[in-house]
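First comes the structure, then the notes that go with it.
The values are calculated or read from the model by the stated rules, or taken from the named source; none is laboratory data. All values derive from a computational prediction rather than experimental measurement. Here the Cβ positions follow ideal geometry from the backbone for every residue, glycine too, while neighbour counts run over all protein chains shown.
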């Protein structure tokens with residue numbers, strides 16, 4: 001378990017569901033705040049790429065959670081920690097799609113200068129493949145995990161329109177590669193450290209990264225839908 005990454009995702013999920021500050025969020029935020037490194041980053045503590053391995057992921061998710069659930073009386077401390085994290089993001093060089101995605105999101109969530117955010121978005125945009133997708137690594141093919149999170153982050157952090165040619169090509173890739181059961185197959189590239197446990201999701205030993213990839217792909221697709229009026 002990676003406390004920084006999983007804790008950050010937990011706070012993101014709570015915020016998305018309208019959860020308000022509580023003793024539970026206070027405790028998690030205070031715990032995460034104390035894990036910040038002197039250079040401003042939060043370090044990933046496990047190595048299960050692409051989900052759990054990168055300091056970019058840990059830093060962006062944690063600073064978002066701290067901003068959203070800053071405990072009463074600690075706003076100034078949290079603000080200083082977010083600024084320090086932003087400084088690390090500004091100076092760090094991403095090497096993979098996961099890192100480019102979370103650097104872009106972290107810069108937006110920490111209210112970085114607009115020109116900086118635009119440059120980070122342009123770097124991610126330049127990695128779109130001829131098939132419309134993105135790849136986790138330069139040596140791998142396009143997949144739903146990398147493509148879904150690239151589209152999400154470009155829309156969320158850089159305001160890329162879902163009707164733009166770039167976004168539409170990405171959606172085209174996702175629609176072409178979706179399987180009949182509704183999922184996407186993403187091949188695992190993590191070395192197994194525990195015995196495989198079947199969760200019920202398709203794709204056998206690739207099921208956990210495939211579930212994550214299917215989730216990112218679904219998020220990218222959902223953003224193309226127009227809100228429907230309530231009956």
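Table for the structure above
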{"item": "Unique residue being at pLDDT 95 or above and not assigned by TED's automatic domain parsing to the domain that holds residue 209 when the list is 72, 10, 3", "result": "10"}
{"item": "Given (1) touching a strand residue (DSSP E or B) at 6+ places or on another chain (Cβ under 8 Å); (2) assigned to a loop (DSSP other than H, G, I, E, B); (3) buried (at least 18 other Cβ atoms within 10 Å of the Cβ), number of the condition residue 190 does not satisfy", "result": "(3)"}
{"item": "Qualifying residue in the stretch 194-202 (condition: on the phi > 0 side of the Ramachandran plot, touching a residue at least 12 places away in the same chain (Cβ under 8 Å) and either out of contact with any strand residue (DSSP E or B) (no Cβ under 6 Å at 6 or more places or on another chain) or not assigned by TED's automatic domain parsing to the domain that holds residue 146 (or both))", "result": "no"}
{"item": "Residue satisfying all of: in the stretch 193-208; surrounded by 15 or more Cβ atoms within 10 Å (Cβ to Cβ) and in a helix (DSSP H, G or I); nearest to the chain's Cα centre (by Cα) among these", "result": "208"}
{"item": "Extreme residue, farthest from the chain's Cα centre (by Cα), among residues of the stretch 126-139 that are under 14 Å from residue 98 (Cβ atoms) and in contact (Cβ under 8 Å) with a residue 40 or more places away in the chain", "result": "137"}
{"item": "The stretch 143-185: number of residues that are part of a helix (DSSP H, G or I) and either in contact with a helix residue (DSSP H, G or I) (Cβ under 9 Å, 6 or more places away or on another chain) or within 18 Å of residue 120 (Cα to Cα) (or both)", "result": "23"}
{"item": "Residue match in the stretch 209-224 (condition: within 22 Å of the chain's Cα centre (by Cα) and part of a loop (DSSP other than H, G, I, E, B))", "result": "yes"}
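Residue-wise test of (1) touching a residue at least 12 places away in the same chain (Cβ under 8 Å); (2) under 20 Å from residue 26 (Cα atoms); (3) part of a loop (DSSP other than H, G, I, E, B).
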{"site": "57", "(1), (2), (3)": "yes, no, no"}
{"site": "67", "(1), (2), (3)": "yes, yes, no"}
{"site": "72", "(1), (2), (3)": "yes, yes, yes"}
{"site": "84", "(1), (2), (3)": "yes, no, no"}
{"site": "90", "(1), (2), (3)": "yes, no, no"}
{"site": "108", "(1), (2), (3)": "yes, no, no"}
{"site": "120", "(1), (2), (3)": "yes, no, no"}
